Amino acid sequence: MNISSAIFDCSSPDLDNCPPETLPEFAFIGRSNVGKSSLLNMLAGEDGLARVSPTPGFTKLINFFVMNDTWYLVDLPGYGFAQVAHEAKSRFNEAVNNYLKNRASLCCVFALIDSGLEPQAIDLEFIEWLVRSQVPFVLVFTKIDKISPALVEANIAAFNARIAKWFVQPPVSFSCSANTGQGRPELLGMINESLTAIRQELGRAAGSSPETPVARKEKKLPRKRPDQNRPW
């Protein structure tokens with residue numbers, strides 16, 4: 001997949017204020033300082049897509065970006081940032097929870113994990129919540145260029161071992177570096193495969209060619225989550 005356009009659409013404080021569900025959505029989330037903004041800029045090939053701030057937890061709204069005029073990249077607030085009042089943090093968490101559990105056009109969540117750290121309780125708790133809530137997700141291990149390959153491998157193996165009891169088969173995972181671009185083709189390839197499957201489903205439902213593009217504001221996605229036996 002080539003990214004020919006990445007356009008900011010809107011910021012929403014909660015689910016009720018999110019834009020109409022006219023495009024498939026792929027959401028990115030991780031704890032503060034996981035490198036989410038840098039990763040999103042790397043994916044889009046555009047440095048200014050998501051603001052990279054020295055202050056962890058800068059993202060406080062649900063941000064929607066239209067990619068190639070065919071899908072939404074959704075930048076979710078990070079979890080665990082310390083410089084937000086407890087009451088405000090609870091509101092952010094509630095908004096994110098509602099979005100993840102109830103947004104019908106959400107195809108997949110990319111859960112970002114810092115590969116430079118041993119398994120963190122806050123990440124494990126979030127992954128367990130995704131599993132219990134039946135939210136489709138993949139793991140994205142970030143910052144793999146920051147430490148030795150051996151330590152990256154050890155930390156990823158340790159994380160997978162901690163979550164193994166929740167799965168019959170382990171979730172799909174990717175290893176990425178915002179600095180080198182490693183992992184970009186794989187992440188965009190997975191999104192492209194998902195979009196192809198959606199086009200085919202919409203084409204069958206409409207009795208049209210499966211190659212008909214998913215056009216913004218022309219077709220509304222089915223009000224259901226993608227099949228749990230999804231190709232990704």
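The values are calculated or read from the model by the stated rules, or taken from the named source; none is laboratory data. None of these values were measured; they are calculated from a predicted model. Neighbour counts run over all protein chains shown; Cβ positions are idealised from the backbone, glycine included.
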Q | Test: residue in the range 186-202 that is more than 29 Å from M42 (Cα to Cα) and either touching a strand residue (DSSP E or B) at 6+ places or on another chain (Cβ under 6 Å) or at pLDDT below 80 (or both) | A | yes
**Q.** Residue count for the range 101-119, restricted to those that are over 20 Å from V172 (Cβ atoms) and in contact with a strand residue (DSSP E or B) (Cβ under 7 Å, 6 or more places away or on another chain)
**A.** 2
Q: Mind counting the residues in the range 136-179 that are farther than 26 Å from A104 by Cβ and either surrounded by fewer than 14 Cβ atoms within 10 Å (Cβ to Cβ) or among the charged types (D, E, K, R) (or both)?
A: 15
(Q) Looking at the range 73-119 only, could you name the residues that are modelled with pLDDT of 85 or more, surrounded by 15 or more Cβ atoms within 10 Å (Cβ to Cβ) and in a loop (DSSP other than H, G, I, E, B)? (A) L76, P77, R103, S105, S115, G116, L117, P119
**Q.** Selection within the range 161-176 - assigned to a loop (DSSP other than H, G, I, E, B) and either in contact with a Phe, Trp or Tyr (Cβ under 9 Å, 6 or more places away or on another chain) or free of Cβ contacts under 8 Å to residues at least 24 places away in the same chain (or both)
**A.** V168, Q169, P170, P171, V172, C176
(Q) It is to be established whether one or more residues within the range 5-21 are of a type in the set (S, T, N, Q) and in contact with a Lys or Arg (Cβ under 8 Å, 6 or more places away or on another chain). (A) no
